[in-house]
Amino acid sequence: MKKNSKADYYNHLKIEKKWQKFWADKKIYKTTDDTSKPKSYVLDMFPYPSGEGLHVGHPKGYIATDIYSRFKRMNGYNVLHPMGWDAFGLPAENYAIKNKVNPEIAVKKNIKYFKSQLEKIGFDYDWTHEINTTDPKYYKWTQWIFLQMFKKGLAYESWEPINWCPSCQTGLANEDVEDGKCERCDSVVVKKPMRQWVLKITDYADRLLKDLDNLNWPESIKESQRNWIGRSEGSEINFDINKKYKFVLLHGWKSTGKDCFLPWLKAELEKRGHEVVAPDMPHPFLPDVVEQARFVLDKIKFDENTILLGHSLGSVVSLRILEQLKTPIKKLILVAGLMEPKFKDKERMMAKYLMSWKFNFDKIKKNAGEVVLLEDTNDVLIPSGEADTLQAHLGGSVFKLEAEKSHFCGRVEPTVLEHCTDQIKIFTTRADTLFGATYLVLAPEHLLIKKYENQIENIKEVKKYVGLAKKKNEIERTAEDKTKTGVELKGLKAINPTNGKEIPIWVADYVLPDYGTGAIMAVPAHDLRDWQFAKKFNLPIETVIHPTDTAKTLFIIESLADGWAEEFKKVGAKIEPWEDWGVILRFPAKMIDKVASLGQKLLKEGNWYFEINGAKNLIIFKQAIFDLNKGESEKAKIYGRKVGVAEAQLDWDKNPNPELYTGKGTLIYSGIFSGISSEKAIPAITKFVRGKIAVKYKLRDWVFSRQRYWGEPIPIIHCEKCALNNPAGRGIVSVPEKDLPVVLPKVKSYAPTGTGESPLADIKSWVNVKCPVCGDKAKRETNTMPQWAGSSWYYLRYIDPHNNKELASHSKLDYWLNNGVDMYVGGTEHATRHLIYARFWHKFLFDLDVVKASEPFQQLKNQGLILGSDSRKMSKRWGNVVNPDEVVKNYGADTLRVYEMFMGPFEQSATWSTDNMIGSRRFIERIWRLASKVGKKTDQVNPELEILFNKTIKKIGEDIDNFSFNTAISALMILTNSLEKEAGISPEKWADLLRILAPFTPHLAEELWQKAGYKKSIILERWPAYDSAKLVSAKAIIAVQVNGKVRGEIEISNEMDESAVVKIAIENEIIKKWLIGQKVKKTVYVKGRLLNFVV
RNA sequence: GCCGAAGUGGCGGAAUUGGUAGACGCGCACGACUCAAAAUCGUGUAUCGCAAGAUGUGAGAGUUCGAUUCUCUCCUUCGGCACCA
């Protein structure tokens, strides 16, 4: 008390209040749009203003951005560091329901409290940029963005079953569900079919994934997003269904024999077991349709199992035939069909006069069964749109395709074949295992089950299973110890396209309806789930992949010259005779190199060898000679197959007890693909079975409707009259932009109705409106947007928060967001929701040319949690919440700031300890006391201090840039410790210290700055520069090692070269002791660090 | 199961183009100041050992003159995804 007069006492309450008022009065932190300066946009994830207020964990990120933004200001940047409120959402609404008050009121109160808490910590926010997502002036633009998405087809209505939380009484997005439970309340989510608005985020899946690579974000967040998007590349492959039909194929004008795809189609269909008749028509060069129809009817019987296919003029014949039938056929396929003489070439226009073009379409329609119309988009003979005309008379489905040759004149027309047979499309990432597909599995929701209802023998059993599966919720369906259930669709079989084998079709709930095609091929030998299923239901298991690294390698030669057998045995080969013409050598894969070099020697002695497809198979032929160096490997392979090498491989590894192997490897038992690697087989087999490479994502479209009150109304109007006028548009009319915002009305009851309608539906005066298009009676959409809507674009509004013409001015957006937000800080909990949604919206706005950069947040940092003193998450439930107001009151805002930054690495979680905080308080008080030394004369100048100052200034700058605040503060403490040892501090050094301290402890720095006689705010000062020539001291103490162990220390000066340093070292008494009697083999000198003697 | 991050004193943590492990802070011990206490200041503080010295960064191996840092195998903790074909 005697030493410290009252005025000298560090009174944090007084000082902090004083400077907070000063900053506010002088508008120190006002952001300007001065575009001559470089900009730095520093952003915090804005809080949801809950009733509980902030706890000490919340400000951790805000303190970091505050330090960072102050540092940027001092380095000449124009800084935007705003704050606002994400205030829509369930807690406010639930509070409103309970207390029967408008949530607006609670939100206002909470914001006021939050703001007062933040202001006490001394942040440099420019409050003139404050925003609130529940302000109609703000959500006007949220609605506007929604409308732009609607216009582009990215917002659509859907009736698909969605996740419904029975407790929150609202639909949820996929992202809101964790382990089948509602993320918010932990209730088990159920599937509920209902009308909802959905945003097509999947259109952006590829870009959302790719652009992650260039972001300066924590790897873990990027990885989470990659997992969430879940891209997988695979193949879509069609499996024919084995229903056998009688096909009647009718060719067109002149298109007989080889000029047409029909012979090929006939062969393909016959291969699949169908009966096919393809008659050659009479007078093909001068056709008479009536005559041809009669000809066919005389020759061929039609029944309910017949499929009639007509190509070109053959389609006209088909129509004539159908007119005359007594009973309907199965299916009519018209390929490049026509019903009027509309040929483009003159010769064929004769047809107009050759025959009658009048048809009894009622009769035809009755007899046609299922109708399929195929049109070539590049048809040179008949005009486009003919299929549509036919459809108008016959019904059925039109497919507009690109034929192999115009007018379907290719000799091979796969698309036609596809429409002839019924198929199941599957998605697989392992097309290499296709030969091992022994059954198919459909999801219970698969449409095919309904289509084949009449042909499934056990349809009752199937329907029962499907019904049960649909009732199950996500948890029941996926968890349950993963026990497999399922039912076979009896009477139906699929055909494995690789080998034509019939395989059973099952329905099982382990196949999900909304991923891939909702159907899979099951390869039990190489997939765990299929394996479990096959074991349970006793389905065949066929091994087709062998692990490459453990594979025995096969080696076939015709005969071995003398001595060679011995050579091969030496490298571990076993030799057996093969067939009646050669021998097989088997050897472990790891010996491949040695065997190969023996093979090389054989080659030189006049034998020839080749390697099949890079698999570790070595095959030598004596009689056939193929020189691989002359590019004859293909020929050699063909020869190999001819002499049965591929077959030999099939026999080689037959295992009566197949085992599960899910890895990739070398193909076996896969026909001509045997011996090649999985990687090569995937595209090759896909092509072989006419599948196509396809990409699937796990990401689902964003369910955007909430059946709750407290959210942005979706700006859509439903009009029945418009729906009648234009059925395709379904009467969905967007609210005209001039009528935005659609303001959330006041209601009597905020409680959700539970019926899937929002409480807004009850307000007749609000719901009933005039249709903006036709003026008729219409109704407003009553769903609201999810909480994530407002936060998906808020960083844009901060830039120009009061603009009532646009969401923000173009020029300001260009300046502040030319490369996105520079620094974004928040918690990891937003990895797969806010951060994906915001990227999606930003990319959409980028496509609209609203923003310049394709990504919103260039750099992202995640703050670690602050846990309660019991190491649990701070929560009212545990009673471990610490209110920053208390800490600020008792220890001061600056102490809180230093402590939170010094607790540990920024991204790591740390346990709160009020005891530990005392260190930060002491540090601040030590600096306070240091002020008394300023200007006092020092006895002698300390050159080391100069070095330390320069080093510290450099380090702090780098550390702030890297968010390494804990080490920055440590460096400040080291500097302070050394200054305490000085008798006096020069005013210049003092000013430097205060300036590097200012971002961390702004109140303290301002106070001491003012005391030192400066008038302007310290935050307007420039960051001190360091002298890079003064970073290393002239003298250094280095370690001396003997054989890598530290044995002593010596003092050297920096200019000394190695020999000088060695000289000092060997004269050192302690070192000497370790070198006596030893011979120094080598010395290693690391400049300024250490010297090592190797003895 | 797949992917990612991490494991260092009593505690929070520091140190990476491979170069003195434990900076800085908390705590603790002793001392100074005081009638006394608090505050403050000083000294010490990885482990074993009186010492010389030995050991030591989750475990084990390897590369190297030298490894917390690089390679391999394994263990533990945390996070993401998960019947996703």
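Any read-out appearing in this document is the output of simple, stated calculations on the displayed coordinates, not a laboratory observation. Quick caveat, the model's predicted, so the values are computed rather than measured. Ideal geometry is used to build each Cβ from the backbone, glycine not excepted, and the neighbour counts take in all protein chains shown.
Note on chain A: with charges restricted to the Cβ of Lys and Arg (+1) and Asp and Glu (-1), its dipole about the Cα centre is near 2380 debye. Against the main long axis of the alpha-carbon atoms of chain A, helix A:987-997 sits at an angle near 30°. When the Cα positions of A:N214, A:V1061, A:H81 are compared along the charge dipole of chain A, A:H81 comes out farthest toward the positive end, with charges on each C-beta of Lys, Arg, Asp and Glu. Of all lysines in the structure, those lying under 18 Å Cα to Cα from A:K1087, and not within fewer than 8 positions of it along the same chain, are A:K1030, A:K1035, A:K1045, A:K1063.
Taking 26 Å as the cut-off for C-alpha to C-alpha distance, list the pairs among A:K271/A:K365; A:K152/A:K698; A:K17/A:K873; A:K472/A:K501; A:K301/A:K692; A:K472/A:K873 that go past it. Violating the 26 Å limit, Cα to Cα: A:K271/A:K365; A:K17/A:K873; A:K472/A:K501; A:K301/A:K692; A:K472/A:K873. Stretched out straight at 0.36 nm per residue, the stretch from A:K363 to A:E737 would grow longer than its current Cα-Cα span by 129.4 nm.
The order of A:Y795, A:Y661, going from fewest to most other C-beta atoms within 10 Å of their C-beta, is A:Y661, A:Y795.
Derived value for segment A:1029-1084: Kirkwood hydrodynamic radius 12.2 Å. Basis is the mean of 1/r over every pair of different alpha-carbon atoms.
Positive end of the dipole of chain A (Cβ unit charges, origin at the Cα centre): among A:V289, A:F965, A:L394, the Cα lying farthest that way belongs to A:F965.
With charges only on Cβ, +1 for K and R and -1 for D and E, what is the dipole size of segment A:671-749 about its Cα centre, in debye, rounded to 20? Walk me through the numbers before you get to the answer.
Details: 14 positive and 6 negative charges, 61 e Å.
With Lys and Arg at +1 and Asp and Glu at -1, about 300 debye.
Between the listed residues A:P741, A:P786, A:L796, the Cα displaced farthest toward the positive end of the dipole of segment A:719-843, a dipole computed from Cβ unit charges relative to the Cα centre, is found at A:P741. When the square roots of the Cα gyration tensor eigenvalues are ordered a ≥ b ≥ c, the ratio a/c for chain A is 1.5 or more and a/b does not exceed b/c, which makes its shape oblate.
Amide H contacts under 5 Å for A:A522: A:T438, A:Y439, A:L440, A:V441, restricted to partners 5 or more places along the chain or on a different chain, H placed in the peptide plane at 1.01 Å from N.
Tell me the GluC sites (Glu not before Pro) within segment A:271-310 that lie in a loop according to DSSP and have at most 13 other beta-carbon atoms within 10 Å. Working shown, then result.
Numbers: sites: A:E275, A:E291, A:E304; in loops: A:E304.
Hits after loop and neighbour filter: A:E304.
Classify segment A:865-955 as rounded, prolate or oblate from the Cα gyration tensor: take a ≥ b ≥ c as the square roots of its eigenvalues, call it rounded if a/c is under 1.5, otherwise prolate when a/b beats b/c and oblate if not. It is prolate, given that a/c is not under 1.5 and a/b is the larger ratio. Indicate the gyration tensor shape class of segment A:816-858 (rounded, prolate or oblate), computed on the Cα atoms with a ≥ b ≥ c the square roots of the eigenvalues: a/c under 1.5 is rounded; otherwise a/b larger than b/c is prolate and the rest oblate. It is oblate, given that a/c is not under 1.5 and a/b is not larger than b/c. Cβ-to-Cβ counts within 10 Å put A:V198, A:V1086 in ascending order as A:V1086, A:V198, the fewest first.
In summary, the lysines within cross-link reach of A:K299, defined as a Cα separation below 20 angstrom excluding same-chain residues under 8 places away, comprise A:K246, A:K266, A:K326, A:K330, A:K331.
Roughly what angle does helix A:459-471 make with the longest principal axis of chain A, taking Cα atoms, 0 to 90 degrees, to the nearest 10? Tilt of helix A:459-471: around 10 degrees.
Sequence gap at least 6, Cα distance under 8 Å: using those rules, report the relative contact order of chain A to the nearest whole percent. Intermediate results must be reported in sequence, preceding the final value.
On the way: 1981 pairs, mean separation 147.3, N = 1095.
Taking the mean separation of contacting Cα pairs over the length of chain A, I get 13 percent.
Return one number: the angle in degrees, 0 to 90 and rounded to the nearest 10, between the long axis of the Cα atoms of helix A:834-847 and the longest principal axis of the Cα atoms of chain A. Between the helix axis and the principal axis of chain A, the angle is about 70 degrees. Computed extension length for A:K687-A:N890: 65.7 nm, one decimal, from 0.36 nm per residue of separation with the Cα-Cα distance subtracted. The stretch between A:K721 and A:E988, if pulled fully straight at 0.36 nm per residue, gains 88.1 nm over its current Cα-Cα span.
What's the FRET efficiency of A:L528 with A:E323 using the Cβ-Cβ distance as r and R₀ = 51 Å, to the nearest 0.05?
Numbers: r = 56 Å, r/R0 = 1.11.
Efficiency at R0 = 51 Å is approximately 0.35.
What the Cβ-Cβ distance of A:K115 and A:R226 gives, at R0 = 41 Å and to the nearest 0.05, is a FRET efficiency of 0.65. For the cross-link pairs A:K100/A:K191; A:K535/A:K687; A:K14/A:K60; A:K244/A:K425; A:K100/A:K120; A:K30/A:K812, the ones whose C-alpha atoms lie over 27 Å apart are A:K100/A:K191; A:K535/A:K687; A:K100/A:K120.
What whole-number distance in Å separates the alpha-carbon centres of segment A:850-873 and segment A:1-80? Cα centroid of segment A:850-873 versus Cα centroid of segment A:1-80: 19 Å apart.
Each Lys and Arg contributes +1 and each Asp and Glu -1, all at the Cβ; summed about the Cα centre of segment A:950-1095, the dipole is approximately 600 debye.
Note on A:E567 and A:E160: their simple-model spin labels are 6.3 nm apart, each label 7 Å out from Cα toward Cβ.
In straight-distance terms, cross-link reach from A:K889 covers every one of the aspartates and glutamates whose alpha-carbon lies under 15 Å from its own, apart from those fewer than eight places away in the same chain; here that gives A:E16, A:E119.
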